[in-house]
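One structure is given below, encoded as structure tokens.
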Amino acid sequence: MHLFEEHKEGIEIDLPDASLEYYPAFLSDDKANSYFDVFLRQLDWQQHDIKLFGKRIAQPRLTALYAINSKEYKYSNLSLKPQLFTRELEEINKSLFERFHLKFTHCLANLYRNEKDSMGWHADNEKELGPEPIIASLSLGAVRKFQLKHSFKKGLKHQLELEHGSLLLMKGTTQDYWKHQLPKTARPHSPRINLTFRNIL
Ligand SMILES: O=C(O)CCC(=O)C(=O)O
Ligand SMILES: [Fe+2]
């Protein structure tokens, strides 16, 4: 009982100019397993092209956008039209409100099919997210490395492993001062799903 309670606690990741909280067991293993299966089947996974140095290339992952409204989300030269939250996404959104009193309108889902899929260095600082956006990032499936680097102070970096059922909250000035990425890896990995809940104004 006591151990279980401890696991529900968040860990503050202490980095300058950032505000990061990591909840290793935000979801129970059972709940995380069932969400992983549901989202893998249920979400409308698409592979979009992005422009990189003037060339069109396919994003090295699949994505799907969901929301409580029909507001589009623009990022990396893409404008995505959301579908309405599924019952399970609504359930998670509700639990984020109950647990943290955070409200989100959108969920950008990412599917990393294997170790070759990745997301490059970026900050989630689109102006529709408003100043000091809060992003709640839920991880399901394979454990992957998540890296952060300071945008202005050279050499300042951090790395963590995002576990099955874990939640990472990025708050405050994190997006103003830090970039993050999910690198590809050499070691074989099974699929990973990441859900990033965001509030789009
Ligand atoms: O997959 C992850 O953990 C990161 C996803 C991310 O940074 C994003 O969707 O903006
Ligand atoms: Fe991001």
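By how many nm would the segment from Lys31 to His48 lengthen if fully extended, with 0.36 nm per residue of separation less the alpha-carbon distance?
3.2 nm
Got the relative contact order for segment 20-198 handy, in percent, Cα pairs under 8 Å and 6 or more residues apart?
Rounded, it is 29 percent for segment 20-198.
Taking the simple approach of a point 7 Å from Cα along Cα-to-Cβ for both Gln147 and Ser76, what is their distance in nm?
Those two pseudo-labels are separated by 1.6 nm.
Report the gain in length on full extension from Asn125 to Gln159: 0.36 nm times residue separation, minus Cα-Cα distance, nm rounded to one decimal.
Details: separation 34, 0.36 × 34 = 12.24 nm, distance 2.03 nm.
Between Asn125 and Gln159, full extension yields an extra 10.2 nm.
Build a GNM of the chain with springs between Cα atoms under 10 Å: which of Glu126, Glu98, Glu12 gets the top mean-square fluctuation?
Glu98
Can you list the HN-Hα couplings for segment 22-38, worked out from phi with the Karplus curve (6.51, -1.76, 1.60; θ = phi - 60°), rounded to whole Hz and with x for Gly and Pro?
Result, ordered by residue: 10, 10, x, 10, 4, 10, 5, 4, 4, 5, 4, 4, 6, 4, 4, 4, 4 Hz.
Ignoring any ligand, DNA or RNA, what whole percent of the accessible area of segment 20-198 comes from carbon and sulfur when the probe is 1.4 angstrom?
The C+S portion of the solvent-accessible surface of segment 20-198 is 52 percent.
Compute the accessible area per residue over segment 1-125, keeping the other protein chains in place, probe 1.4 Å, unit Å².
For segment 1-125, the per-residue accessible area is 60 Å².
Assign one of three labels to the chain, namely rounded, prolate or oblate, based on the Cα gyration tensor with a ≥ b ≥ c the square roots of its eigenvalues; rounded applies when a/c is under 1.5, prolate when it is not and a/b is larger than b/c, and oblate otherwise.
In terms of gyration-tensor shape, rounded.
So what is the 222 nm mean residue ellipticity for the chain from helices alone, if each DSSP H run of at least 4 adds -39500 (n - 2.57) and you divide by all residues, rounding to the nearest 500 deg cm²/dmol?
On the way: 4 runs with 39 residues, N = 201.
Only helices count here, giving -5500 deg cm²/dmol.
Shape of segment 8-50 from its Cα gyration tensor (a ≥ b ≥ c, root eigenvalues): rounded if a/c is under 1.5, otherwise prolate when a/b > b/c, or oblate?
oblate
The values are calculated or read from the model by the stated rules, or taken from the named source; none is laboratory data. The structure presented is a predicted model; accordingly, all values stated were derived computationally and were not measured. Methodologically, a virtual Cβ is constructed for each residue, glycine included, from the backbone with ideal geometry; neighbour enumeration extends over all protein chains shown. Quick note on the areas: whole protein, heavy atoms, side chains included, nothing else; ligands and nucleic acids left out. Shrake-Rupley method; radii C 1.70, N 1.55, O 1.52, S 1.80 Å.
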